[in-house]
2 protein chains.
Amino acid sequence: MSQTSASADAIAACRTQLESQLEKLRAMNSEQAAASAVRPEVALLQSLTDQLAELSVERSKKNASKFTLKTPKGTRDWDPLSMALRKHVFTTIERIFATHGAVTIDTPVFELKEILSGKYGEDSKLIYDLQDQGGELCSLRYDLTVPFARFVAMNPTEYGSIKRYHIAKVYRRDQPAMSKGRFREFYQCDLDIAGTYDAMVPDAECLCVVTEALDALGIEGFTIKVNHRKLLDAIFAICGVPEDKIRSISSAVDKLDKSPWSEVRREMVEDKNLAETSADQIGEYVQLHGGRDLLAKLQQDAKLTQNPRAVEGLQDMELLFQYLDVYKVMDRISFDLSLARGLDYYTGLIYEVVTAASAPPGFKEGEAPVKSKKKKDDDEIDESTVGVGSIAAGGRYDNLVGMFSNSKKPDAVPCVGISIGVERVFSILMQRIKEAQAKGERTAVRQKEVEVFVMSMGDGLLLERMQVCKMLWDNGIKAEFLYKKKPKLQAQFAVVDKEQVPFAVLLAPGEWGEGKVRVKQQLGKEEGGNDKGEEVPLADLCRYLKEKRDA
Amino acid sequence: MSQTSASADAIAACRTQLESQLEKLRAMNSEQAAASAVRPEVALLQSLTDQLAELSVERSKKNASKFTLKTPKGTRDWDPLSMALRKHVFTTIERIFATHGAVTIDTPVFELKEILSGKYGEDSKLIYDLQDQGGELCSLRYDLTVPFARFVAMNPTEYGSIKRYHIAKVYRRDQPAMSKGRFREFYQCDLDIAGTYDAMVPDAECLCVVTEALDALGIEGFTIKVNHRKLLDAIFAICGVPEDKIRSISSAVDKLDKSPWSEVRREMVEDKNLAETSADQIGEYVQLHGGRDLLAKLQQDAKLTQNPRAVEGLQDMELLFQYLDVYKVMDRISFDLSLARGLDYYTGLIYEVVTAASAPPGFKEGEAPVKSKKKKDDDEIDESTVGVGSIAAGGRYDNLVGMFSNSKKPDAVPCVGISIGVERVFSILMQRIKEAQAKGERTAVRQKEVEVFVMSMGDGLLLERMQVCKMLWDNGIKAEFLYKKKPKLQAQFAVVDKEQVPFAVLLAPGEWGEGKVRVKQQLGKEEGGNDKGEEVPLADLCRYLKEKRDA
């Protein structure tokens, strides 16, 4: 009998016995005892598996061709140009947040597993767990909202009232569709205001902030859809939806931005067993959208004005619109009764910012995203197909912090927040950069910021190039030189051209002896570059370059 | 029989059978086949364990007092003040890096497990694995160097020659000693230069950069220890250390910064079976340190000058010192033959920057870190006990990229890098901030940057406060107001005082009617604040505030 079939037999026997044991465990009621007791077995088995895996890794290392050189599925590297853009986006958003007096916090990339459990409904299956290597069970953060609520609940005195932003990576074990911009590791960018304040004042500021941020980023033509959970729930109740079906009917309604009403109605009636009359009544409401006009119409609706929840919702919307007028945001607003938002924890105002700015040619709003002509693998990043859609979203969630604290009032720390879809912002702006590059235009974002390249003509002059660079560095002027003792002039100019370095400082033995260098400003042809450059005394070099640079 | 004992019996039976099966697996030679075949069993058992754990989490949620509100062991939240300091530190370092023409990249927080395997020697056990939830096996990154090498190997044409920095979190499943600043999640800050260049030119620039960065951060009194792996290995060979013992003897020598020579000698002779004569010969070399004088002395050493590796090392040091003279770094340098550095992958120059700047009173270099008077739990962060020690380190590693690429030349992409210990920098600077705060001094780093607080006297004037804030925000002036319809004047001034907001803009119904507001500059008593403030026309407010602010 061969080694391999011996292994196969042993493994088959192991599987049979394991399964029978697991069956017994499944049958038992004392899940908690079983869970903790079975853990050491798992850890043992896992550790053995790891040892075996380690051996096979060692073996495969010897055979280099077997080595897979890639990032894990659904993740990506950020190259220098992407990073320059990322920095530009974050700095812009942070400036707006700070202008509104927001502070920032950070939390660990993983949380205790129990902190995340029961917060994301059926999406909990997308949570990444760390391996149980002994000690606490941890999971990678799924969003920034739950860690924020945990942070506030842990520090109620100091941070029970806080306006904080947080820009960081989150993790979802989703089927990645990178061509649609869906990753397993991606950035979220959240601003949340926690604390007891007068109605709709912080809510209105969230919408003011997101408008200022998207404007500052140059995102054009966006619309802010708003709705109110209390109003929506009242509508469902009025239309005869049983209380326990409200969230499920709500999530059907939320699909109206992608599906026609007929399909949503079918889902309600056929899949969710809602009475046809209820569905039809709902249809009359949720297909409405507008602005102040819609609010006025609803304020005349006798069924709504007799429902306390609806009245609360309508009063909030009235206040909101008043505040948004002052903030000059009303012209972006669409009061849209079909907006429901997926997450369970919203308790009041909800909103979603949609844009058509990134639509590739021939791509219209409402259509499904079109694949680019060349068939792409799902694992390949293809920024061009990132289409229209949500670019920011959020709402009021008054009870989330209460889930973590021992306070008797679930809404002891009410919150409202906005999350800006920075990954989508990157895609839109990167597409613009690529388009500009294709046209040979200069782009606002450069991957490398070097201002001066120090080079030598003739004799190498390595120590002298180092000396000039050190002087420039000490004066805050960004400079480089070629790390060769005797570089060719051509090789040095190649760097200047490739990286579009604005200034070249040339050292020649004769001029250097007289304490002088030659400065050549690299200008586009239309700007008329000075071909031979200008002689500048070394002692004057920093002043000269700063003047030219800042001109 | 009770439910619990029934479970216990079933689990005991399960354990026995599992162990016998595992014994069979262990005995088999076909580890690779076994590893892949046993994986589904583990996954199944794991998934069941998770289901059970989920149930017990659900149960414990109903009993809120059982809920542990904390971050995972070895991790921490960053509060707004820490974040403001972190931003200051990163911005300062990034400015220096960019001045030297470095670009930045980012990599995923987890890598394929096989990428990290076999890179960290015995520290591999500290790698955090993600749970096997089907699909690829992944681990959290342990440092930024291996992901960098993987990135360069994946993009050899574009980035085979790159000067890049990366500031990001890394993960080590170490026993945390947060009182000593040892975390499981912490920042690394690396600058690396990859590419084929003339000897010691990029190496010298790394030491120039770290000096400029620590100077810019205000870290005083640091020393840069330098040594060379080739020289060190030659010394070991000359002293009769067998080739296969060189790394292990090297790591014993590396302890000379903490232990006396007698203890290191004992470890070599007793624990590592080195001949006493060899140990004594090593002792004569590795206790030497100095600068150019030491280099001159070694250049006269006949045993060294006859050893090709030693000659290479000495030539490199000669060049390095020449370059460091130009970069004005030589006065920081200590050529220290005891510096060995733990990591296997170094191939040339190695260095470590040590500082005594953060030493608490009564704490002298060379002593073990002293616990503060009050006994602290290891899980509690206590910045004050972070003592002297390494604040930056690095070296040349010419073969790491080759481990990932298929190139026949292992040093096809030679690299040199420096890692700045930013966590230690935080500790030192945070201690200074706390000391300044204790003395009531103003600190350079504020957690909140708000410049103006807009408040009302009398009638609430909520919409008017919003209008003024919106005007300020649109002009890039950082402003806030209290989110209440009719806030008390006292409550508003309390915010101004607590958060040290420089300007208060007061709205009063009468003045507002005349298009005016009142501006009160909050100055320290010694600066003589204007008690009643100044009346400013609303149309002039932004200009007025900018002038005062920038004065």
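Could you say whether any residue in segment A:151-165 is touching a residue at least 12 places away in the same chain (Cβ under 8 Å) and over 30 Å from B:LYS485 (Cβ atoms)?
yes
Given the criteria crowded, with 16+ Cβ neighbours inside 10 Å and more than 27 Å from A:VAL209 (Cα to Cα), does B:GLN431 qualify?
So B:GLN431 fits the description; yes.
Right, A:LEU214: buried (at least 19 other Cβ atoms within 10 Å of the Cβ), in contact (Cβ under 8 Å) with a residue 60 or more places away in the chain and within 17 Å of the chain's Cα centre (by Cα) or not?
yes
In segment B:152-173, what residues are within 16 Å of B:THR196 (Cα to Cα) and facing chain A (nearest Cβ under 10 Å)?
Within segment B:152-173, B:ALA153, B:ASN155, B:GLU158, B:TYR159, B:SER161, B:ILE162, B:LYS163, B:ARG164 meet the criteria.
For segment A:423-436, does any single residue satisfy the condition of being of a type in the set (Phe, Trp, Tyr) and over 30 Å from A:GLU352 (Cα atoms)?
There is no residue in segment A:423-436 that is of a type in the set (Phe, Trp, Tyr) and over 30 Å from A:GLU352 (Cα atoms).
Would you call A:SER139 modelled with pLDDT of 90 or more, within 25 Å of B:SER117 (Cα to Cα), more than 8 Å from chain B (Cβ to nearest Cβ) and not in a loop (DSSP other than H, G, I, E, B)?
Taking the combined requirement at face value, the residue satisfies it.
Would you pick out the residues in segment B:168-199 that are in a loop (DSSP other than H, G, I, E, B) and closer than 26 Å to A:GLY476 by Cβ?
B:GLY195, B:TYR197, listed by residue number.
I want to confirm something. Restricting to segment A:113-130 and keeping residues that are hydrophobic (A, V, I, L, M, F, W, C) and part of a helix (DSSP H, G or I), which single residue is surrounded by the most Cβ atoms within 10 Å (Cβ to Cβ)?
Restricting to residues being hydrophobic (A, V, I, L, M, F, W, C) and part of a helix (DSSP H, G or I), the top hit is A:ILE115.
Can you confirm whether segment A:309-322 contains a residue that is more than 15 Å from A:ASN227 (Cβ to Cβ), within 14 Å of another protein chain (Cβ to nearest Cβ) and of a type in the set (Val, Ile, Thr)?
no
Might you check whether a residue that is in contact with a Phe, Trp or Tyr (Cβ under 7 Å, 6 or more places away or on another chain) and of a type outside the set (Ser, Thr, Tyr) occurs anywhere in segment B:250-266?
Checking segment B:250-266: not a single residue is in contact with a Phe, Trp or Tyr (Cβ under 7 Å, 6 or more places away or on another chain) and of a type outside the set (Ser, Thr, Tyr).
I'd like to know if segment B:97-112 contains one or more residues that are part of a helix (DSSP H, G or I) and surrounded by 21 or more Cβ atoms within 10 Å (Cβ to Cβ).
yes
Taking segment B:435-467, which residues are within 14 Å of B:PRO509 (Cβ to Cβ) and buried (at least 18 other Cβ atoms within 10 Å of the Cβ)?
B:MET455, B:SER456, B:LEU461, B:LEU462, B:GLU464, B:ARG465
Quick check on B:ALA98: is it farther than 27 Å from B:ASP132 by Cβ, facing chain A (nearest Cβ under 7 Å) and at pLDDT below 95?
no
Against the definition (facing chain A (nearest Cβ under 7 Å) and either more than 21 Å from the chain's Cα centre (by Cα) or not small (Gly, Ala, Ser) (or both)), how does B:VAL109 come out, yes or no?
Yes.
Given the options A:SER427, A:SER407, name the one that is out of contact with any Cys (no Cβ under 9 Å at 6 or more places or on another chain), at pLDDT below 80 and among the polar types (S, T, N, Q).
A:SER407
When the residues of segment A:468-491 are filtered to those that are touching a residue at least 40 places away in the same chain (Cβ under 8 Å) and within 9 Å of chain B (Cβ to nearest Cβ), which remaining residue is surrounded by the most Cβ atoms within 10 Å (Cβ to Cβ)?
For segment A:468-491, the residue satisfying everything is A:LEU472.
Check off (1) facing chain A (nearest Cβ under 8 Å); (2) within 24 Å of B:PHE110 (Cα to Cα); (3) crowded, with 18+ Cβ neighbours inside 10 Å for B:ALA149 and give me the number that stays unchecked.
Condition (1) is where B:ALA149 drops out.
The values are calculated or read from the model by the stated rules, or taken from the named source; none is laboratory data. Computed from a predicted model, the values in this text were never measured in an experiment. Here the Cβ is made from the backbone with ideal geometry for all residues, glycine too, and neighbour counts use every protein chain on show.
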